[in-house]
Amino acid sequence: MGALFAWMTAAVLAQSGPCWTPEDTSPGWKRVELPDKGRALMAPSDVDQFRSGESVLLRESNPRTYVSGTATKLGRMVFTFQFPPNTRRLELGFVESLRGAQVDVTAYVGMRALPLLDEKRIPGRELALEWGSEDVTSVVVEVHHHLRSRPVVSSWWTTRSAWPEQDTALDAGFKSPRSLYFFHPGGGRVLHLCHRPGVSLRTSRWLREEDRPTTVALTPVP
């Protein structure tokens, strides 16, 4: 849960401007028109959301990301992952704790190797990796598990920069100009949508036709 919690709370702090509440609190995708004083309107950072005309950080678990896990030498496992363009982050979960095993990680920009970790000891079940270059196409993780159980990857998540308007599979209902789209969790939760310039929006839900949003009105927060 640590990596997920860190991802949900990773928004950079920014001075909050005026806030509004959406009038529809039922669960599902919602659309609101951006007010004149809320062009950078956003929901709380733990809510999936994006604005039209802007990129969004998309967190996803693609089956094609995990290429292989191979025992190359006695006491070593090598895991290979590959990514679409603009991927910036990889989060791994293992079935069991690595119990302080040494881990080497190498990212590849084409054929050029970029070391990320060198014999770093990892105490738990989770490993989060980030890199500055958006041209990374693959990552190789080598775990030295001597005298420990052979590591098994149980989950993987990547984060990449995506433009919703450029995705041909995305329904047109999510491409209206001057809009904030967000997924309301329901359950009686009241969301405050606030003007927060400079904060990157994030989503872990890529949208299907049956997810068409409901357009809702906004009520200013006093």
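The values are calculated or read from the model by the stated rules, or taken from the named source; none is laboratory data. Everything numeric in this text was worked out from a predicted model, so none of it was measured. Reconstructed Cβ throughout: ideal geometry from the backbone, glycine too, with neighbour counts over all protein chains shown. Remember, those area values only see protein heavy atoms, side chains included, never the ligands or the DNA or RNA. Shrake-Rupley method; radii C 1.70, N 1.55, O 1.52, S 1.80 Å.
If you filter the stretch 15-25 down to residues that are at pLDDT below 95 and hydroxyl-bearing (S, T, Y), you find that the one that is surrounded by the fewest Cβ atoms within 10 Å (Cβ to Cβ) is S16. All conditions but one from (1) among the polar types (S, T, N, Q); (2) in a strand (DSSP E or B); (3) more than 25 Å from S176 (Cβ to Cβ) apply to S97; the one that does not is (2). Could you tell me which residue of the stretch 197-222 is modelled with the lowest pLDDT, considering only residues that are open to solvent by 70 Å² or more (accessible area, probe 1.4 Å) and within 13 Å of R31 (Cα to Cα)? Among those residues, the one meeting the criterion is R212.
Exactly one residue out of S52, S68 is of a type in the set (S, T, N, Q) and modelled with pLDDT of 95 or more: that is S68. All of S176, S154 fail the test of being within 21 Å of the chain's Cα centre (by Cα) and surrounded by fewer than 19 Cβ atoms within 10 Å (Cβ to Cβ), apart from S154.
Kindly indicate the residue of the stretch 32-50 that is more than 13 Å from L191 (Cα to Cα), touching a residue at least 12 places away in the same chain (Cβ under 8 Å) and open to solvent by 40 Å² or more (accessible area, probe 1.4 Å) and also farthest from the chain's Cα centre (by Cα) among those meeting that condition. Going through the qualifying residues, I end up with K37. Among residues of the stretch 149-173 that are of a type in the set (A, V, I, L, M, F, W, C), those with a beta-carbon under 6 Å from a residue that is part of a loop (DSSP other than H, G, I, E, B) and open to solvent by 70 Å² or more (accessible area, probe 1.4 Å) at least six positions away or on a different chain give the pairs V152/V95.
Counting only residues that are part of a loop (DSSP other than H, G, I, E, B) and either surrounded by 14 or more Cβ atoms within 10 Å (Cβ to Cβ) or not hydrophobic (A, V, I, L, M, F, W, C) (or both), the stretch 113-151 holds 16 of them. Please enumerate the residues belonging to the stretch 37-70 that are touching a Lys or Arg at 6+ places or on another chain (Cβ under 7 Å), part of a strand (DSSP E or B) and over 20 Å from A128 (Cα atoms). The answer is M42, and nothing else.
Answer yes if at least one residue in the stretch 201-208 is more than 18 Å from the chain's Cα centre (by Cα), closer than 16 Å to V32 by Cα and either among the β-branched types (V, I, T) or in a loop (DSSP other than H, G, I, E, B) (or both), and no otherwise. So far as the stretch 201-208 goes, no, none of its residues is more than 18 Å from the chain's Cα centre (by Cα), closer than 16 Å to V32 by Cα and either among the β-branched types (V, I, T) or in a loop (DSSP other than H, G, I, E, B) (or both). Residues that are surrounded by 15 or more Cβ atoms within 10 Å (Cβ to Cβ) and either among the small types (G, A, S) or touching a strand residue (DSSP E or B) at 6+ places or on another chain (Cβ under 8 Å) (or both) within the stretch 164-173 comprise P164, G173, listed in sequence order. If you go through the stretch 85-112 and keep only what is among the small types (G, A, S), closer than 25 Å to T137 by Cβ and open to solvent by less than 30 Å² (accessible area, probe 1.4 Å), you end up with G93, A107.
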